[in-house]
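Data block below; observations after.
Every number in this text was worked out from the coordinates using simple rules, so none of it is lab data. These numbers were taken from a predicted model, which means no experiment stands behind them. Neighbour counts run over all protein chains shown; Cβ positions are idealised from the backbone, glycine included.
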Amino acid sequence: MTHLIVLLMVVAVGASSGPAETVGWLPSWAQDALGVAQEHVVLTTLTGFAALLLPCWGEVARCSRRMDRTGRAKWVRRADRALLLMQWGVLGWLAFACYGRGWLGAVRSATGDTVALDEVLALAPAVVALTLLWLVFWPVERRIREAMQFNRLDAGEPVHPIGGRWTYTSDQLRTHAGPTLIAAMLLFGWIECVDLLSPRFTEGLGSSGDAVTGVVLGAGAVAIVAVLPVVWRLVWRTRRLPEGALRDELDALCARHNVRVGDLLVWETRGVLLNGALVGVVPRLRYILLTDALLERLDARQVEAVMAHEIAHAKHRHIPWLIATVLISVGLISSVVSLVIAEAAALPAGWETWVAGGASIVGAGLMLGMVSRRFEQQADAFAAQHLALARTGEPDPTIEAGDAQGMMGALEAVARFNHIPPAKRSFRHGSIRARQRRLQRLVGARRSSVPVDGFVRWLKRSVLVAGAVMGLLLWRFPEAGALL
């Protein structure tokens, strides 16, 4: 969820502009109640971020004392809810500062519209607030880690140093905020560089100048997305999976499914995270990451299932399709809403952009969640399909209980180790329990007739149709693309 919050923070800053004053969409009574003089925008914005830390600090301190007194896990959940609520509060205050107070305009009045610098400085207080929230949460996290250490010692499992408050905060910042912020800064910088330089290179091209600028922007964005995994592997503190039997087996698994990756990496988390991940879209610049805790705690069959799950994301090109889903959803929804608003002419002046922009962001977010959950379901099914194929060697084997259990057991280990309630819903992945039930229903099915594969094919065709409709709308009604 923190990844989504950071992404929305970037969107809030990147889509805002204007002078440092209250934006006119607020009603007059709200402007009178909340309005401050222009010179106080910076002070009130920073004060608002600081004020969000106080309730979180108080609730975490209370939960820590109750944990020590009672030993009950419910106080961990309450502290976690308080942290999440304040993280959403940081996002909400940043959005209000940008759109209700002209925060980005206030920053630009001091720095000028320097390439990427104004956006970085506008984002900085929110990132600092998130960092301080993690610092405040450390007492609860420390108690959890100490309890885990005792359990590992009793079970004879590997034990990692717990680290301190700043180590924990640094790890959280690296894991949850680093990739999104790095991608955002590179994209902000590229867009502003193109806007700054394009008049020089498109002079005399007439109407085709906009098309040339669009192609250059798109090519640069694609290049940035392609090389980002090289940066992320450094931010996430990874190392190459060492040579040996496990490395040979996982390399053979990639070759068996004709999937190329730049490398297989061990994600160093000091033993506190059990997970796997695929990053990147270009074969030579994408990586499969397996955390240290995953390699220590899962048996060979479960590791193979997790690896097959990540290979499925690459084989079925889930990442490019997710990107296309978001972009097409934003474009299509904003175009349709803009046309409807223009036709109805029922909104006050200046509201069209807010309504169309809000509808496109909400709609694209819902589509992202729905498609992402289906892709996760397909990757889970692929793991069971692979285990059936490896067990029999037949081209179209029947999935048996043991094949499904390989991935089901890995999911159970993820839930237990990461303290995730199995029934807890996840926006992008769905609940662990629902994923296990779907895997159980695959038992007895042929490898070639798994239902989710057909559904995902239908989804991809729908995305293509939506893209064609969007293109037709923009060609027939160019004014509908004013927000894009």
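Report the antiparallel proportion of the DSSP beta bridges in the chain as a percent, rounded to a multiple of 5. Counting only bridges with both partners in the chain, antiparallel ones make up about 60 percent.
Put a plus charge on the Cβ of each Lys and Arg, a minus charge on the Cβ of each Asp and Glu, and nothing anywhere else: the dipole of the range 318-481 about its Cα centre is then about 500 debye.
Would you please give the FRET efficiency between LEU196 and ILE323, computed as 1/(1 + (r/R0)^6) with r the Cβ-Cβ distance and R0 = 30 Å, to the nearest 0.05? The pair LEU196/ILE323 has a calculated efficiency of 0.70.
Just check the range 214-353 against the gyration tensor rule for me: Cα atoms, a ≥ b ≥ c as the square roots of the eigenvalues, rounded for a/c under 1.5, and otherwise prolate or oblate depending on whether a/b exceeds b/c. Intermediate values should be presented prior to the final figure.
On the way: a/c = 2.73, a/b = 2.52, b/c = 1.08.
In terms of gyration-tensor shape, prolate.
Can you compute the modelled spin-label distance between VAL235 and THR47, with each label point 7 Å from Cα toward Cβ, in nm? Computed distance between label sites VAL235 and THR47 equals 3.3 nm. Pairwise Cα distances in the range 2-233 exceed 30 Å in 41 percent of cases. What FRET efficiency would be calculated for the residue pair ALA15, VAL469, taking the C-beta separation as r and a Förster radius of 22 Å, to the nearest 0.05? After rounding, the FRET efficiency stands at 0.40. Dipole orientation for the range 318-481: of the candidates SER448, ALA466, SER335, SER448 has the Cα lying most toward the positive pole (charges on Cβ; Lys, Arg +1; Asp, Glu -1). Between ALA223, ALA82, VAL140, the Cα set farthest toward the positive side of the dipole of the range 2-233 (charges on each charged residue's Cβ, about the Cα centre) is that of VAL140. Taking the Cβ of ARG374 as the centre, find all other residues whose Cβ is under 13 Å away and add up their charges (Lys, Arg: +1; Asp, Glu: -1). Within the 13 Å Cβ shell, the charges total +3. Oblate is the label for the range 419-465. Its Cα gyration tensor axes, ordered a ≥ b ≥ c, give a/c of at least 1.5 and b/c at or above a/b. Let me make sure I get this right: for the chain, a, b and c are the square roots of the gyration tensor eigenvalues over alpha carbons, sorted descending. Under 1.5 in a/c it's rounded, otherwise prolate if a/b > b/c, else oblate. Which is it? Judged from the Cα gyration tensor, the chain comes out oblate (a/c at least 1.5, b/c at or above a/b).
Note that the range 407-414 has calculated 3J(HN,Hα) couplings of 6, 4, x, 5, 5, 4, 5, 4 Hz, one per residue in order, obtained from phi through the Karplus relation 6.51 cos²θ - 1.76 cosθ + 1.60 (θ = phi - 60°); glycine and proline are x.
As a calculated quantity, the FRET efficiency between ALA155 and HIS419 at R0 = 22 Å, using C-beta atoms, amounts to about 0.85.
Each residue, VAL215 and GLN440, gets one label point 7 Å from its Cα in the Cβ direction; the gap between the two is 5.6 nm.
The lysines whose alpha-carbon is closer than 25 Å to the alpha-carbon of LYS460, local same-chain residues fewer than 8 away aside, are LYS315.
Need the list of lysines near LYS74 for cross-linking: C-alpha distance under 17 angstrom, and skip anything on the same chain fewer than eight residues off. Within the straight-line limit of under 17 Å, LYS74 reaches these lysines: LYS424.
Computed about its Cα centre, the charge dipole of the chain is approximately 1720 debye, with only Lys, Arg, Asp and Glu carrying charge at their Cβ. The Cα atoms of the range 33-132 define a convex hull whose projected area, averaged across directions, is 7.2 nm². Each principal axis of the Cα cloud of the range 318-481 was taken in turn, and the coordinate range along them, longest first, works out to 63, 37, 20 Å.
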